Every structure is written in C-alpha cells, then in structure tokens.
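Have a look at the structure below before the remarks.
The values are calculated or read from the model by the stated rules, or taken from the named source; none is laboratory data. The structure displayed is predicted, hence computed values, not measured ones. Cβ sites come from the backbone with ideal geometry, for glycine too, and all protein chains shown count toward neighbours.
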Amino acid sequence: MQQADFDQTVSALWQHFCPVVLARFELAKHQKYLNHFDQFVSVTFQPSQQAVLLAAGQQATQSLADAMFDLAGEPASQVQLDDALGEMVNIIAGHLKTALALNDEMTLPNKIWPPMNVAELIMQRGSLGCLLFIGNTPVYVMLVKDARALRSAAGDIE
C-alpha cells in the first residue's frame, strides 16, 4: 500500500463520523503534537504481526464519541470514549486488511496504557502514518509493520 492510498483510506473513514483535515506529516514540523496524545488503541493482524495504531487526545476522542453516540455535546463516559476509539481502529483495520489482501485474523481492539513513545514508532521503516485534525486537535493513525515494535514502545496492553 502506498502512502497516498493509506491517507485516503483513513481520512475517508474518519469523514463518516467527523470532519477532518489531512495533514502531510513531517516529524520535525509536527512532533509537538505527539505529546498531546493520551489515548492509544491498536488492532493486530495475526500471524503477520502488522498492527493499526490510533493515537488521539481527549478532545478528539470526545468529538468522535459525540458523533458515534449522538451525544449532542454532552460529555461521554469513559466507556463511550473507549468504545469510540476501539470501533474506529477496528473499522480502519478492517478496511486495511481488505486493501492489503491479508488472510490474517484481527485481534480485538487493545487499549494501551501508559502513553507511549509514538515518535519511536514513526521512525520504524516501512510503516505508514496519517496525521488528521479534528478542528485543531490532532489524531495519528499508523500501520505498524511489526507489532513487536508496538509492544516494546508501549506499557501495558489491555
């Protein structure tokens, strides 16, 4: 899969729920946003060990939950926030599985805690990443070529 195809797939899926702007990611320019992510969820393809990682902040997660659960601006519960991110990463992973013609099984979405070093993963060769903005709030979605790198950058995976 090429970067442009990945960007198009991810941004189109987000557009079903909330308006987003796709930004061409440049680590030097956008590294400041990486520290704002405190919500991480992933789905791993097995046996290939590729994974989809979604990193977002509280405000982006609230916007997604609001759209998914029609909360009309009311605060989402932690369960709704977790469900919204889990559903979004699952939707993205399902589309990527088809686009990559993988015969792999997909794990259930896994919440990752504590916050991880996303910059370490971004530097991984062969991975694809997509930076989106919901208003001024960044969201990063990544296809990680080797889920072992995800596990080494992460704390606990639930």
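Can you pull out the strands (runs of 3 or more DSSP E) entirely within the stretch 110-157 that have at least 1 residues that are in contact with an Asp or Glu (Cβ under 7 Å, 6 or more places away or on another chain) and at pLDDT 70 or above? Steps first, please.
Numbers: elements: 110-113, 128-134, 137-144.
The strands (runs of 3 or more DSSP E) meeting that bar are 110-113, 128-134.
I'm trying to understand the selection: among the residues of the stretch 1-11, which are under 13 Å from residue 92 (Cα atoms) and either surrounded by fewer than 12 Cβ atoms within 10 Å (Cβ to Cβ) or out of contact with any helix residue (DSSP H, G or I) (no Cβ under 9 Å at 6 or more places or on another chain) (or both)? Can you show your working first?
Step one: list which residues in the stretch 1-11 are under 13 Å from residue 92 (Cα atoms), which gives 5-11.
Hits for the stretch 1-11 are 7, 8, 11.
Is one or more of the residues making up the stretch 57-77 of a type in the set (S, T, N, Q), without any contact (Cβ under 8 Å) to a residue 40 or more places away in the chain, under 16 Å from residue 122 (Cα atoms) and surrounded by fewer than 18 Cβ atoms within 10 Å (Cβ to Cβ)? Working first, answer last.
Applying the first criterion (of a type in the set (S, T, N, Q)) to the stretch 57-77 yields 58-59, 61-63, 77.
Filter once more, so that each one left must be without any contact (Cβ under 8 Å) to a residue 40 or more places away in the chain: 58, 61-62, 77.
From what's left, under 16 Å from residue 122 (Cα atoms): none.
Within the stretch 57-77 (the criterion being of a type in the set (S, T, N, Q), without any contact (Cβ under 8 Å) to a residue 40 or more places away in the chain, under 16 Å from residue 122 (Cα atoms) and surrounded by fewer than 18 Cβ atoms within 10 Å (Cβ to Cβ)), the answer is no, since none of the residues qualifies.
Of the set (1) aliphatic (A, V, I, L, M); (2) modelled with pLDDT of 90 or more; (3) under 25 Å from residue 2 (Cβ atoms), all apply to residue 27 but (2).
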